[in-house]
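Quick notes on the structure that follows.
The values are calculated or read from the model by the stated rules, or taken from the named source; none is laboratory data. Fair warning: this is a prediction, and the values are worked out from it, not measured in the lab. For neighbour counting, all protein chains shown are included, and Cβ atoms are generated from backbone atoms with ideal geometry for every residue, glycine included. Ligands, DNA and RNA are excluded from the accessible area calculation, which covers all protein heavy atoms including side chains. Shrake-Rupley method; radii C 1.70, N 1.55, O 1.52, S 1.80 Å.
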Amino acid sequence: MSLAAPKFRAEPFSRQNAKAIPPSGMSPEAIWHVIYDTQTYTSAATTSLDFFAAINADKSLSNMEAAGQFPAPQVFNIYGINADLWTAAPISTNAALLGDLNDLFLLLLVGRPRWTFTLQNKIYGPYPLTLLHATGGPSGYLQATTAAAGSTQAGINMPHGGWNYNGSITIPAQTSFQFNVTWQAAQTLTANWLLRVSMSGILSRAVK
């Protein structure tokens, strides 16, 4: 592997200034962006979850600026879609077959979850939830000896790959869209889980 510094080409100052100082406050800029929304799967109760439908004051759970749409003059080209699942804390249980890993198996496979994306009245899907991989997360192994038989488990969805529309779907400004996940039946888990759906892509917005 070469450690040599990459070659750079200097652009004229006029071109650099045109990018940094656009002639109009409404001139567009394009940035890589991620929108995300988080919903709670309630054990033994949830069969369907809707995402991006509302504004959440907690921006660590959702960064939607408007309910179910992008405000004008923003336009979003979708590339990747991912899903992260987690509990508030790793599950500690005396039953070796219960815990995070078993819960994930129920949520991702046994419950046969499917996701659909709807832009206005046009539906994409349904597709299996397992096609949406995680954005990342901890990976490790824990072994312990305790007085009573038990286990502590922590698990995440597969943290690689994911769905990719490669920019072929565009969400115009002030146009309604929906993202839904549906399970065949409610799954009984060791705890309630959080499910975060993220969509990454190119956001075109006004330079202010």
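Based on what the data block shows, is residue 45 farther than 25 Å from residue 166 by Cα and either assigned to a loop (DSSP other than H, G, I, E, B) or not aromatic (Phe, Trp, Tyr) (or both)? So residue 45 passes the test. Criterion applied to 78, 55 was being more than 21 Å from residue 183 (Cβ to Cβ) and part of a loop (DSSP other than H, G, I, E, B), and the one residue passing it is 55. Consider segment 114-155 and keep the residues that are modelled with pLDDT under 65 and either among the aromatic types (Phe, Trp, Tyr) or open to solvent by less than 70 Å² (accessible area, probe 1.4 Å) (or both). The one that is farthest from residue 203 (Cα to Cα) is 148. Among the conditions (1) on the phi > 0 side of the Ramachandran plot; (2) open to solvent by less than 50 Å² (accessible area, probe 1.4 Å), residue 85 misses just one, which is (1). From the list 27, 43, the lone residue that is small (Gly, Ala, Ser), surrounded by 11 or more Cβ atoms within 10 Å (Cβ to Cβ) and modelled with pLDDT of 95 or more is 43.
Identify the residue in segment 188-208 that is in a loop (DSSP other than H, G, I, E, B) and in contact with a strand residue (DSSP E or B) (Cβ under 9 Å, 6 or more places away or on another chain) and, among all such residues, is modelled with the lowest pLDDT. Only one residue fits best here, namely 207.
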